Structures are given as C-alpha cells and as structure tokens.
Amino acid sequence: MNTERPPDIRIEDLEYPKFPDEIVAAFKEMAPMGASIEFNPDKMMEAASTEEGLDDFGTEEFVEPLSVVCQSIEKESGFNGIGRMNAYAQITKSLANRLRIENAYKQHPEIDDLELQPPMIIAGLPRSGTTHLHNLIAADTNLRSLPWWESQEPIPSAEEWGETEGRIQRAKDGLSQQEIVMPHFKRMHEMTWDHIHEEISLLFIGGSAMQYDTMGVLPSWREYYKSQDQTPFYLYLKRILKALSFLRYPEKRWILKSPQHLEQFIPIANVFPDATVFVTHRDPIAVVASMATMLCYSARIPNDAPIDVVKIGQWWRDILTDMLLACVRDREVLANATDILFHDFMADDIAVVKSCYELAGQPWDNEVEERINKYMEEHPRGRHGRIIYDLNDFEIDQDELTKKLKPYIERFGVKLDYSPS
C-alpha cells in the first residue's frame, strides 16, 4: 500500500471555480431546465408519488418545513439552473424515500414491534474528530452503522426489494460525478460508496435537517429551523432506524453521528433517553476556517461565479457559533455522555475509543481492537493530502470570534491552536 501523502494545497479558485470543458458544456446545457423548475410542495409530492407509485407520506409534520424551505430557495438562494435542479432532485428524492419507508411499514407492520438497543451517538462540529471516531467505532462489526449507499436510499423500491445492488451502483455513479466536479473534496471529507455516513440524510427524509443549510444561504429556513422543536423529526429518525434494522442486522446496536446533534440535545434526550453520547470538541476557530472553506468549495455547483466566499464563510461562522453556544446551554440534559477533546483523541485514539465503549457498556475485546487497528492501517489520516485553510479568505476576525465563543472554550477547556496552515 502506498503511504506517501500528496502535498498540502490551497484551493485557489474558490471565488472563480475552474471546471473541465466537458463539465462547463454540461452545465450550460442543463441550466435552462433548472431555471424552469417550480418549488411547489404539492407538485413535488405529486412527482415523488408518481415516481414511486405510492401516495402515503405518513404523518404530516414535514409539510410545513417543506413549504418554508421551498420559499427560501425561491426567494433567497440565488441558485443557478444547476443549483435549482440539484435542490429539487434532493428534496423529491427525500419524499420518495419517505414513501418507501411508509410502504415498508404497511407491508411489514411487525417493524413497529422491533426494539432498538440503546444507541451510541457522536455529536460534534465537522472537523472536530467526529468522522474519525465514527469510523473507528463502526469498524467493529458487532455494531450497526449507516453506509453511504444506504443513507441515500434507505429502503429499496418494490422492484428491488431484498436486493442492494441497484442502490449501491447508483451511489457509486453519484460519487463518480462528484469527483469530477470537486476533485479536492476527498481531502476534506473522503466519500466512497461504502464509507460510514451520518444520519443527517435520514433526518432530511424526516423533513427537517441541517442538510438544508448545506445547500446554500437560506436565512428564512435557518430562522424557522431554530424556532422549532425538532423532537418530531428525531422520532421519525427512530422510525427509519427501526425499518433499517428490520432489513439488516436487527440484533445490532446503532453507532450514529451528526454535527446537527450538537444543537439538538433536548430532542435526543426526548427520543433516545437511553443513548450514550460522545461530544467532540476542537478549537472552534480552526473548525470555522475549515468548514467555511469546504462549503465555499461546494458552492461552486449551485452558484455562478463569482462565489461570494465572504458571505458564505461568515454565514457558516454564525451557524457554527449558534451550535456551540447551544451545546453549552443544553449539555447537561444528556443523561449518559462524555466530552472528548480533539488533542486528547489525536494523542491516543484507541484509548479514547476504549473509554467510549466503557461508558456505553459495549463489550471490548482483542478482536474489536484488531478490527479498529486494521481500519487505521488501511485508512491513514490525511492520505489524500490536506487543504490549507485561512480565516482571512472570509474576512473573519479571529479575536472577535474567540471572544464570542469564550463561554464554549472555557466550559470545555478547548485548546486553541489555529494557524493558517
């Protein structure tokens, strides 16, 4: 195995993205189609129903947030034709997935009787060690985790019931396209068809999730999302998890992860009171710099140049600040949880994972440790090279941000080590 890591790079085309000629031509051809799309909740639900041949979406708590986000996309997103097509495709796909989930319960009412084991849940900002911790724990095959292909289509269609091949191939095809358009994305977050993914995709199917924030700057949506109790949507997440467990490995305990959970400890406590939660913490300045870079890089698809990197970067500064202060506010509602400092985790990751198992009452033995060590050998950190991040790209004042986040930094004893590198 080649262990030589590519050199670190700085993304120089955040504002004026450069694409291969064939991608430029494809975008130009598809743009008019996107411009004609209408974000109408009723019509989108009808389109999903027609596609699936189903009409039962279950309970209707998703309808209001869908209406809010559709209005926000129309009035605030500034999406180009491709952006509108992508957003429409994501939303209608989530509606189709919801139809499949409800149909699975109709066809197999015994799913409702399935009892989930107390889940293990990772909560923390992107770039704070959540993905590494998630991958290490998910290497333990005694646990149930969510691979990328399954997150995109949790329940097969009636035609593919009992099979996985079609869903896997569609996941592979989608990632191949992403690699062409965003070749540096794997330096920030490696994605393969079988990599372990977070359940934000499942919350998205439920109808309310931070995934909408990643689409673009949608102020009305964000304001609405923050004002709503997310408990009904975490209840729907549990509904999906039960269906997934019914299909594969019903006896296994889930290991879950999403940054969204960091500001949703109350819904987690309401819906998963028996969960063990691992909360990761890293210098928030470094997290803001890297997250802003990643979202500006992703913005090259739905937005025309010049990309407003200052607007997007500062928008994510504010979202991440909200999330960290919510963590301070609500941390004590978690009955069984531990805080993991990034520098401690990087110093001895196996010891940290062992402590997580101990807190969760999850068995640990030589076989588990061997699987985790094997994963690390096959997936060395930074194997695709790293990105150089710089707050100055987004006109974010480091001292001002540090002052605003002082309650978080002091509450959890986070070590500040950011430097543009």
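The values are calculated or read from the model by the stated rules, or taken from the named source; none is laboratory data. Just so we're clear, the structure is a prediction, and the values are computed from it rather than from any experiment. Note that each Cβ is placed from the backbone with ideal geometry, even for glycine, and that neighbours are counted across all protein chains shown.
Please go through the stretch 235-247 and give me each residue that is free of Cβ contacts under 8 Å to residues at least 60 places away in the same chain and either among the basic types (Lys, Arg) or surrounded by fewer than 18 Cβ atoms within 10 Å (Cβ to Cβ) (or both), ordered by number.
Of everything in the stretch 235-247, just one residue is free of Cβ contacts under 8 Å to residues at least 60 places away in the same chain and either among the basic types (Lys, Arg) or surrounded by fewer than 18 Cβ atoms within 10 Å (Cβ to Cβ) (or both), namely LEU235.
For the stretch 304-324, check the following and say yes or no: at least one residue is surrounded by fewer than 20 Cβ atoms within 10 Å (Cβ to Cβ), closer than 15 Å to PRO126 by Cα and without any contact (Cβ under 8 Å) to a residue 12 or more places away in the chain.
Within the stretch 304-324 (the criterion being surrounded by fewer than 20 Cβ atoms within 10 Å (Cβ to Cβ), closer than 15 Å to PRO126 by Cα and without any contact (Cβ under 8 Å) to a residue 12 or more places away in the chain), the answer is yes, since at least one residue qualifies.
Across the stretch 207-234, what is the number of residues that are of a type in the set (A, V, I, L, M) and either surrounded by fewer than 17 Cβ atoms within 10 Å (Cβ to Cβ) or within 17 Å of PRO147 (Cα to Cα) (or both)?
0
Would you confirm whether or not the stretch 197-204 contains a residue that is outside any helix (DSSP H, G or I), under 28 Å from VAL277 (Cβ atoms) and of a type in the set (Ser, Thr, Tyr)?
Within the stretch 197-204, not a single residue is outside any helix (DSSP H, G or I), under 28 Å from VAL277 (Cβ atoms) and of a type in the set (Ser, Thr, Tyr).
Among the residues in the stretch 114-129, are any among the small types (Gly, Ala, Ser), surrounded by fewer than 23 Cβ atoms within 10 Å (Cβ to Cβ) and either at pLDDT 95 or above or within 29 Å of SER290 (Cα to Cα) (or both)?
no
Scan the stretch 71-84 for residues that are buried (at least 20 other Cβ atoms within 10 Å of the Cβ) and not small (Gly, Ala, Ser) and report the count.
Final tally of qualifying residues: 4.
Does the stretch 55-69 hold any residues that are more than 20 Å from the chain's Cα centre (by Cα) and surrounded by 15 or more Cβ atoms within 10 Å (Cβ to Cβ), and which are they? Can you show your working first?
Within the stretch 55-69, the first condition is being more than 20 Å from the chain's Cα centre (by Cα), and the residues that meet it are 55-61, 63-64, 67-68.
Correct list: PHE57, GLY58, GLU61, SER67, VAL68.
Just to verify a result, which residue in the stretch 249-301, among those that are in a strand (DSSP E or B) and of a type in the set (Phe, Trp, Tyr), is surrounded by the fewest Cβ atoms within 10 Å (Cβ to Cβ)?
TRP254
Being modelled with pLDDT under 95 and in a helix (DSSP H, G or I) narrows it down to one of GLU223, GLU190, GLU163, GLU179, so name that one. Full working, then the answer.
Values: GLU223 fails: modelled with pLDDT under 95; GLU190 fails: in a helix (DSSP H, G or I); GLU163 fails: in a helix (DSSP H, G or I).
Just a single option satisfies the conditions, and that option is GLU179.
Taking the condition modelled with pLDDT of 95 or more, within 25 Å of the chain's Cα centre (by Cα) and on the phi < 0 side of the Ramachandran plot, does VAL353 pass?
Yes, satisfied.
Return the only residue of ASP339, ASP365 being at pLDDT 95 or above, acidic (Asp, Glu) and touching a Ser or Thr at 6+ places or on another chain (Cβ under 9 Å).
Among ASP339, ASP365, only ASP339 is at pLDDT 95 or above, acidic (Asp, Glu) and touching a Ser or Thr at 6+ places or on another chain (Cβ under 9 Å).
Tell me yes or no: at least one residue of the stretch 45-65 is in contact with a helix residue (DSSP H, G or I) (Cβ under 7 Å, 6 or more places away or on another chain), β-branched (Val, Ile, Thr) and either in a helix (DSSP H, G or I) or within 30 Å of ILE387 (Cα to Cα) (or both).
Checked the stretch 45-65: at least one residue is in contact with a helix residue (DSSP H, G or I) (Cβ under 7 Å, 6 or more places away or on another chain), β-branched (Val, Ile, Thr) and either in a helix (DSSP H, G or I) or within 30 Å of ILE387 (Cα to Cα) (or both).
Let's see how each residue does on (1) outside any helix (DSSP H, G or I); (2) closer than 29 Å to SER258 by Cβ; (3) in contact (Cβ under 8 Å) with a residue 40 or more places away in the chain:
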position: GLU29; (1), (2), (3): no, no, no
position: GLU74; (1), (2), (3): no, yes, no
position: LEU99; (1), (2), (3): no, yes, yes
position: LEU125; (1), (2), (3): yes, yes, yes
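Do any residues in the stretch 255-271 that are without any contact (Cβ under 8 Å) to a residue 40 or more places away in the chain have Cβ atoms under 8 Å from those of residues that are among the charged types (D, E, K, R), where the two are at least six apart or on different chains, and which pairs are they?
PRO267/ASP229
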